[in-house]
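See below for the structure under consideration.
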Amino acid sequence: MRHDLKRLLDAAAAAVPGAEWLGLRRRRGVQRLYMARDGVLEQAVETDDQGVMLEAFFQGQFGYAATQDLSPEGIARAASRALTAAKAAAGKGVHAFSLDVRPATKLVWETPRARLSAPAADAVFGFLSGACTALKVGDKIIQTAAMVESGTYEYDIVSTNGADISQTLHYLGTSMQAIARDGAIVQRRSAFGPRGLTRQGGWELLDTSALLDKATSVGEEAVELVSAENCPSDTRTLVLMPDQMMLQIHESVGHPLEVDRMLGDERNFAGFTFVKLADVGSFQYGSELMNISYDPTVRGELASYGADEIGNLARKEFLIKDGVLVKALGSLESQARSGVPGVANQRASDWNRPPIDRMANLNLEPGSSSFKDIIAGVQKGVLMRTNRSWSIDDYRNKFQFGCEYGTLIENGKLTRTVRDPNYRGVSSSFWRNLSAVGDASTFEFFGTPNCGKGEPNQVIFVGHASPVCAFNDVEVFGGAK
């Protein structure tokens with residue numbers, strides 16, 4: 001197929017000799033989803049979709065046109081539309097680009113896998129049924145659900161300045177959930193949150209024995225929650241487990257640091273940011289314990305890759321170091337427009353979308369505190385795990401998050417389970433109250449395959465990793481009942 005792409009690029013170049021540069025990006029996505037509810041198979045879906053995005057450069061502007069017609073004639077027509085768009089933008093764009101933002105990268109990259117082939121469908125169905133059985137630990141469980149999703153994304157890029165990139169990403173995710181009821185009290189408990197346990201790799205990630213054990217504990221915790229007391233409403237130390245830190249990082253660090261938001265591109269749809277371009281290099285984002293890395297090189301994390309979708313090579317880079325904002329989530333295009341340093345993060349959700357600034361693997365680096373020491377250092381606190389709800393303003397500053405499961409911390413010890421734990425804060429001060437960061441033994445990574453952004457919308461996958469963390473002076477509160 002890569003040879004065919006070069007042939008198609010030649011056809012495109014012949015059709016539009018006035019283009020100063022042409023790029024061709026093919027993307028194919030194959031996804032499979034299996035879901036059972038209360039032990040009964042509810043969904044078994046497979047999708048296979050591919051197409052090509054043509055990109056033309058003319059007098060400092062890029063034009064785009066997408067097509068699923070992969071004949072030379074179809075590609076030539078798309079190239080003509082892309083050049084027409086670029087010419088229409090010439091002299092009217094917010095920035096005049098150079099071709100420095102389209103490097104001539106050559107790369108072959110693929111997700112490492114230990115098990116290449118999928119199990120038989122009846123084995124997957126058997127696991128889903130078994131997971132629902134394990135979740136159903138008693139009569140108070142009124143609903144169970146389990147899901148397995150897997151997929152492959154192929155990206156091939158060629159361009160007239162010599163880029164030749166082939167990347168293949170393989171992923172697998174599992175979700176398990178139990179809902180319990182006791183009278184008017186209804187509680188949900190899930191394994192790492194909806195779709196949170198999504199990672200890159202092969203079918204070795206479907207560890208059925210470990211997952212079934214986890215399903216049993218999920219069901220038991222759901223039953224425990226319906227008889228637990230409500231979370232108190234006051235100010236105290238908040239300890240967050242990695243499966244909640246995933247969303248905290250995503251919403252109050254990742255999105256605010258996207259340079260296209262700082263430039264105003266997303267304001268009409270996905271919102272603005274409290275972070276200013278002038279803040280990059282000096283802003284005290286958090287306490288000195290806060291070290292956030294952008295790292296698409298982590299094996300197994302959901303948004304790992306060798307290069308972004310314009311060919312900028314990926315490498316680990318710090319965005320926040322010792323609490324100070326040193327770099328933002330800006331692609332080569334956004335770096336050229338803004339003048340601030342960024343990373344290799346220009347990505348698209350599909351073949352018919354142009355790549356824009358996106359998170360990839362955004363991780364909070366481990367610290368030096370053990371879980372035992374973090375808890376021992378808290379006199380009045382609450383530990384929360386697994387996100388249930390979230391709300392954040394369009395500046396990505398004021399937020400309110402709800403979790404599934406809480407445990408009070410009293411005089412350095414974990415004591416009682418509480419239900420409906422919630423907390424609220426302001427991003428620009430919340431992270432400055434980061435008081436303890438767990439060591440490597442508390443570090444876990446998760447995936448978010450449904451991050452939305454862009455207009456038209458682009459839903460994409462990102463990864464987040466974190467240790468256990470503690471924050472001082474956080475307002476916490478319970479639910480209505």
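The values are calculated or read from the model by the stated rules, or taken from the named source; none is laboratory data. Only a predicted model underlies this, so the values are computations on that prediction, with no experimental measurement involved. No Cβ is skipped: glycine too gets one built from the backbone with ideal geometry, and neighbour counts run over all protein chains shown.
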Select, from Arg353, Arg337, Arg315, the only residue that is closer than 21 Å to Ala270 by Cα and part of a loop (DSSP other than H, G, I, E, B). Arg353
For segment 203-214, state whether one or more residues are touching a strand residue (DSSP E or B) at 6+ places or on another chain (Cβ under 9 Å) and farther than 28 Å from Tyr171 by Cβ. no
Restricting the first residue to segment 340-352 and requiring it to be under 15 Å from Val52 (Cα atoms), which pairs with a second residue that is part of a loop (DSSP other than H, G, I, E, B) and not small (Gly, Ala, Ser) meet a Cβ separation below 6 Å and a spacing of at least six or different chains? Arg347/Asp308; Arg347/Glu309; Arg347/Pro355; Arg347/Arg358; Ala348/Glu309; Ala348/Pro355
Based on what the data block shows, is Leu238 outside the structural domain of Leu277 (by TED's automatic domain parsing) and either in contact with a Gly (Cβ under 8 Å, 6 or more places away or on another chain) or in a helix (DSSP H, G or I) (or both)? no
Go through Asp207, Asp234 for me and flag whichever is over 16 Å from the mean Cα position of the chain (by Cα), under 28 Å from Ala123 (Cα atoms) and surrounded by fewer than 16 Cβ atoms within 10 Å (Cβ to Cβ). Asp207
Can you tell me which of Asn397, Asn422, Asn387, Asn433 is at pLDDT 95 or above, within 30 Å of Tyr171 (Cβ to Cβ) and surrounded by 15 or more Cβ atoms within 10 Å (Cβ to Cβ)? Asn387
Matching residues in segment 359-381 - criterion: being of a type outside the set (Gly, Ala, Ser) and touching a helix residue (DSSP H, G or I) at 6+ places or on another chain (Cβ under 9 Å): Met359, Leu362, Asn363, Leu364, Pro366, Phe371, Ile374
Taking the residues in segment 411-465 that are among the charged types (D, E, K, R) and within 22 Å of Asn361 (Cβ to Cβ) as candidates, determine which candidate is nearest to the chain's Cα centre (by Cα). Lys453
Got a number for residues in segment 346-384 being touching a Ser or Thr at 6+ places or on another chain (Cβ under 6 Å), crowded, with 23+ Cβ neighbours inside 10 Å and hydrophobic (A, V, I, L, M, F, W, C)? 3
Subset of segment 273-296 [surrounded by fewer than 19 Cβ atoms within 10 Å (Cβ to Cβ) and closer than 30 Å to Ala56 by Cα]: Leu277
Val124: surrounded by 19 or more Cβ atoms within 10 Å (Cβ to Cβ), within 26 Å of the chain's Cα centre (by Cα) and closer than 30 Å to Asn345 by Cα, yes or no? no
